[in-house]
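What follows is a set of notes on a single structure, which appears directly below.
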Amino acid sequence: MTLQTLLHQAQTLHQAGQLAEAEGLYRRVLAQIPPNFQLQHRLALVQFQQHRHGEALASVTAALAINPKASESLSLKAALLAATGRSDEALALFGRALALNPDLPDALYNRALLLTGMNRPKDALTDFDRLVALAPGQSEAWVNRGVVLQQMGKLAEAVASYDRAIALMPNHMQAWLNRGTALQAQGRFAESLASLDKVLALSPRQAGAWLGRGIALTGLQRFEEALESFGAVLDIVPGEPVATQRRAVLLETMKLLGDIPPGADEQKIWQDRGAFFQITQRFPEALMALDKALALDPVNSAAMVRKGAVLCEARRVAEGMDVYRHHADVTLADKPVGSDDDLAHKQRHDAEQRAWLAERGINDDGFRLEPGARIDGPAVNPANAKEIARRWSETDPPVVVIDNLLTEEALEGLRRFCRGSTMWRRSYKSGYLGAMPETGFACPLLAQIADELRDVFPTVIGEHGLRRTWGFKYDSSLSGIPMHADQAAVNVNFWIAPDDANKDPSSGGLVVWDVKAPMDWDFARYNTDEGAIRAFLKEKGAKPVVVPHRANRAVIFDSDLFHETDKIVFKDGYENRRVNVTMLYGRRAYYGG
């Protein structure tokens with residue numbers, strides 16, 4: 001048999017996946033000829049595919065001794081170094097390979113995987129993006145690109161990447177599994193469940209899918225089915241820790257009272273029980289459970305935030321605000337207000353705020369909250385009560401505008417609180433900043449306003465508890481909040497910036513549409529899927545109610561109504577920044593409440 005015939009047989013066997021047989025023939029040919037780069041590279045490749053990394057590394061090193069600038073061999077050696085934990089050397093070799101051949105798919109793919117493992121997701125995404133642009137038919141690249149996006153918190157983009165992989169390979173189990181976890185992280189439990197059920201249709205003993213399914217069913221409050229799914233995990237992997245713990249938590253939640261199982265995470269059980277009692281409106285029991293969690297760990301951030309929320313919803317708003325404020329003091333005291341990595345509009349705001357504070361003799365760059373004290377007289381103007389009650393009852397759907405919502409003393413106190421507190425921590429790409437109760441948007445004056453809104457407008461707020469409140473602060477001309485609906489019953493939205501800050505009195509406020517979010521849409525869809533929302537509004541022939549910005553103007557409306565910030569054209573300058581306060585009362589009456 002000629003050497004050419006042997007080589008042809010070796011290549012045929014290699015392509016057919018008969019790796020050991022192919023390796024034997026490669027060695028026979030190499031033994032009979034002078035050192036040969038191509039054969040040495042193929043030998044290294046077949047050894048790599050058999051996971052014999054040490055031998056493969058020796059073989060590819062021999063190939064590179066013959067041709068040091070062979071990009072594919074450099075890439076293979078880099079992959080082998082990565083597989084044996086020599087990440088920095090591997091990264092350098094991938095760089096050399098791609099310098100010689102920038103479009104080498106294996107080098108891009110394997111370097112992206114390495115960068116993912118090194119917790120450098122932005123760099124990994126750059127490689128994956130280049131790879132899928134060069135070879136859009138590579139399903140594995142789309143899957144792993146989704147993994148990176150998921151690590152970065154870009155969940156919607158991750159789902160889109162998994163969808164591309166599934167379009168190429170409809171039964172790609174890992175893509176379906178990852179898609180399910182990404183949807184779950186967005187709170188899209190019903191869609192997550194559908195993806196995980198697809199995994200189980202392909203592989204009924206996939207423990208990860210059963211685990212995700214149990215978590216999704218818990219989110220849907222289908223507790224008995226969730227228990228069955230966690231049980232299925234434990235049938236496949238006895239003692240699996242996450243399923244064991246979640247099953248224990250779920251059993252505790254379901255029976256509500258009783259002993260903590262030995263070995264269970266007691267703190268998390270009490271914390272989850274508090275959340276369950278809040279959902280079921282059993283506030284005293286919720287507070288008892290959360291106090292037990294905090295007794296175990298007084299600085300448990302999640303338990304503190306939940307306790308603040310329970311107290312506010314239980315109509316003990318002042319106490320809830322105190323808890324939120326304590327949480328902000330504990331968790332943010334040592335954290336800088338901003339960093340060089342912040343978005344440009346946040347850096348601009350923080351610089352303006354520092355200058356504003358310095359003018360008032362305050363030069364501390366750390367976390368600070370203004371007192372935001374209660375005022376002696378009324379905070380909410382009672383003169384509007386009868387007229388607003390009438391308009392609320394006569395309007396369908398209910399959208400009412402109130403001018404002079406707050407008394408002058410309350411308005412000025414709230415302005416001081418919002419200007420002087422360094423609580424504007426959450427940055428949104430479109431151009432605004434958020435202050436949440438847990439980061440300091442909590443003070444006695446806000447509690448006074450929240451309680452008086454219920455007292456002054458009882459037919460509007462009714463018996464609803466305060467579910468959530470926040471403040472948003474805007475750049476002078478960047479975009480505001482996109483189209484969405486909220487997870488509540490009644491929205492109270494009001495503005496506190498001076499009238500002369502707004503350069504266009506016909507805009508700068510809120511646009512509320514006269515159509516409600518569909519009852520079968522989950523939170524992620526009615527709150528973030530702007531494309532679906534606009535298509536739905538067009539289909540329904542929805543009409544906008546445009547409410548221009550005015551100082552001390554409020555818009556109160558049904559939380560199911562879609563709404564968005566109107567065009568913003570404000571003057572520059574710190575005191576001219578548009579600031580809105582939102583208070584959400586009650587719970588949505590259907591899914592997602």
Top-ranked residue of segment 547-577 - restricted to ones that are basic (Lys, Arg) and touching a helix residue (DSSP H, G or I) at 6+ places or on another chain (Cβ under 7 Å), ranked as surrounded by the most Cβ atoms within 10 Å (Cβ to Cβ): 550
Test for residue 120: is it more than 21 Å from residue 219 (Cβ to Cβ) and touching an Asp or Glu at 6+ places or on another chain (Cβ under 8 Å): no
From the options 427, 421, residue that is touching a residue at least 60 places away in the same chain (Cβ under 8 Å) and among the hydroxyl-bearing types (Ser, Thr, Tyr): 427
Subset of segment 325-355 (residues that are of a type in the set (Ser, Thr, Tyr) and under 21 Å from residue 304 (Cβ atoms)): 331
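Criterion first (touching a helix residue (DSSP H, G or I) at 6+ places or on another chain (Cβ under 6 Å) and under 24 Å from residue 490 (Cα atoms)) does residue 385 satisfy it?
yes
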Search result, residues across segment 166-207 that are of a type in the set (Gly, Ala, Ser) and either farther than 18 Å from residue 154 by Cβ or buried (at least 23 other Cβ atoms within 10 Å of the Cβ) (or both): 167, 175, 180, 182, 190, 192, 194, 195, 201, 203, 207
Leading residue by the ranking (nearest to the chain's Cα centre (by Cα)) among those in segment 511-546 that are more than 20 Å from residue 160 (Cβ to Cβ), of a type in the set (A, V, I, L, M) and surrounded by fewer than 16 Cβ atoms within 10 Å (Cβ to Cβ): 519
Conditions (1) touching a Ser or Thr at 6+ places or on another chain (Cβ under 9 Å); (2) over 23 Å from residue 369 (Cβ atoms); (3) not in a loop (DSSP other than H, G, I, E, B): number failed by residue 488: (3)
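Rule-based calculations on the coordinates, nothing more; no lab input. In this text, all values refer to a predicted model and were calculated from it rather than measured experimentally. Positions of Cβ are generated from backbone atoms using ideal geometry, with glycine treated the same way; all protein chains shown enter the neighbour counts.
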